[in-house]
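Each value in this text was obtained by applying a stated rule to the coordinates, not by laboratory testing. Please read all numbers here as calculations on a predicted model, not as lab measurements. We place every Cβ from the backbone using ideal geometry, glycine too, and count neighbours over all the protein chains shown.
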Amino acid sequence: MHIDIISTVPELLDSPLSHSILQRAQDKGLLTVRVHDLRPYGIGKHNSVDDYQFGGGAGMVMRCEPLAALIDELREQRQYDEVIYLTPDGERYAQRRANRLSLCQNLLLICGHYKGIDERIREAYVTIEISIGDYVLSGGELAAAVLVDSIGRLLPGVIGDETSALTDTFQDDLLAPPVYTRPAEWRGREVPPILRSGDTGAIEAWREEQALERTRERRPDLLDEDAADA
Ligand code: 6GU
C-alpha cells in the first residue's frame, strides 16, 4: 500500500511514522508513506495557504488553489482508491473502516488546520471524511497518524501470529479478554487457573465469555450496534 499525506506541518508526522510496527511495514516494503508539505504551493511571496472566511467570523480557512495544485500533481502519479479528509465533522473512525481501507492500494490523506479547508475542495476531491473522535485536535496530522497506524498493522505480513490482528479488541465488535504472563502468582494475585490448565477448548470458551462480560460492562453500545447491523 502507498499513502500520501498533505500537511502544513509535516514535521508532526516524522516521529509517529518512524517507529515500531509502522517502520517494520515500511522496511519490509509492505507500506510506503510520503508526507507532502503544502507550504511551497502557497500563494504569493509569503506562500499563503489560508485566508479569512467569507461571511466573517474567527478562524482562517485553507485556500483552494494550493491544495488543488498539490492534489492534481499527486493524482498525475497515482490513482487513489480514496481521498480522505481528516476533520472533526467527518464519519467517526472505527475498526470496520480501518479493515476496509487496509484493502486499498493508494490513499491520499488531507490534514486540515484552522477552521478547516474550503468546502469546494471537499466537493471536488474528497471521497471520505473521517473524524477520530468527539473532541477537537489542532490539526489533522495526529488523526492521520492514527489512520496510518491502524491501517498499516492490518496489511498482510506486517504483524506476525504473536500479535494477530484477528484477536484484537473490536475485531468482532467485542473488547479483548484479560491477558496474563509470568509469574503465575504476583503479590498474592493468581492467574486464573483455567489459563494454565492446558485445555484449549475450555480456555477458548473462557476467553469468549470474558470478552462478552467485559463488553457488556464497559461498552454495551458495541453489542447494541451489532444488533442494529443485523
Ligand atoms: Cl480528523 N481533525 C481534527 N482537527 N480534530 C479532530 C479530528 C480530526 N478527529 C477528532 N478531532
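Work out the charge dipole of region 2-152 with +1 on the Cβ of Lys and Arg and -1 on the Cβ of Asp and Glu about the Cα centre, then indicate which of 116, 61, 88 is farthest towards its positive end.
Ranked along the dipole, the leading option is 88.
May I ask you to sort 223, 107, 17 by Cβ crowding, counting other Cβ atoms within 10 Å and putting the fewest first?
Sorted ascending by nearby Cβ count, the order is 223, 17, 107.
Karplus couplings for region 177-194 from phi (6.51 cos²θ - 1.76 cosθ + 1.60, θ = phi - 60°), rounded to Hz, Gly and Pro as x?
Going residue by residue, I get x, x, 10, 9, 9, 5, x, 5, 10, 9, 6, x, 9, 9, 5, x, x, 4 Hz, with x marking Gly and Pro.
Scan around residue 117 for amide H atoms under 5 Å from its own, H built in the peptide plane at 1.01 Å from N, and keep only partners 5 or more places away or cross-chain.
Amide H to amide H, under 5 Å and 5 or more residues apart or across chains, residue 117 pairs with 62.
Take the alpha-carbon positions of the chain, form their convex hull, and give its projected area averaged over all directions (one quarter of the hull surface) in nm².
If you wrap the Cα atoms of the chain in a convex hull and average its projections, you get 17.1 nm².
For a quick check: with amide H placed at 1.01 Å from N, whose amide H comes under 5 Å from residue 50's, ignoring anything fewer than 5 positions away on the same chain?
For residue 50, the qualifying residues are 63.
Go ahead and set up a Gaussian network model of the chain, Cα springs under 10 Å, then flag whichever of 140, 198, 44 fluctuates most.
198
Regarding region 169-229, what is the average projected area of its C-alpha convex hull, in nm²?
5.0 nm²
Using only the alpha-carbon atoms, how far is helix 220-229 inclined from the longest principal axis of the chain? Give it as 0 to 90 degrees, nearest 10.
Taking the Cα atoms of the chain, the angle to 220-229 is about 70 degrees.
Put +1 on the Cβ of every Lys and Arg and -1 on every Asp and Glu Cβ in region 2-152; which of 105, 36, 6 then has its Cα farthest towards the positive end of the dipole?
Final value for the positive-end residue is 105.
Provide the per-residue ³J(HN,Hα) series for region 115-123, in order, calculated from phi with Karplus coefficients 6.51, -1.76, 1.60 and θ = phi - 60°, each as a whole number of Hz, with x at glycine and proline positions.
7, x, 9, 3, 3, 5, 5, 4, 5
So what J values fall out for region 69-78 if you push phi through Karplus, 6.51 cos²θ - 1.76 cosθ + 1.60 with θ = phi - 60°, rounded to Hz, Gly and Pro as x?
Here the 3J(HN,Hα) series is 4, 6, 4, 4, 4, 5, 6, 6, 8, 8 Hz.
As a test, work out the antiparallel percent of DSSP beta bridges whose residues both lie in the chain, rounded to the nearest 5.
If I count the DSSP bridges inside the chain, around 25 percent turn out antiparallel.
Show the residues, 5+ positions off or on another chain, whose built amide H is closer than 5 Å to the amide H of residue 109.
4, 5, 6, 84
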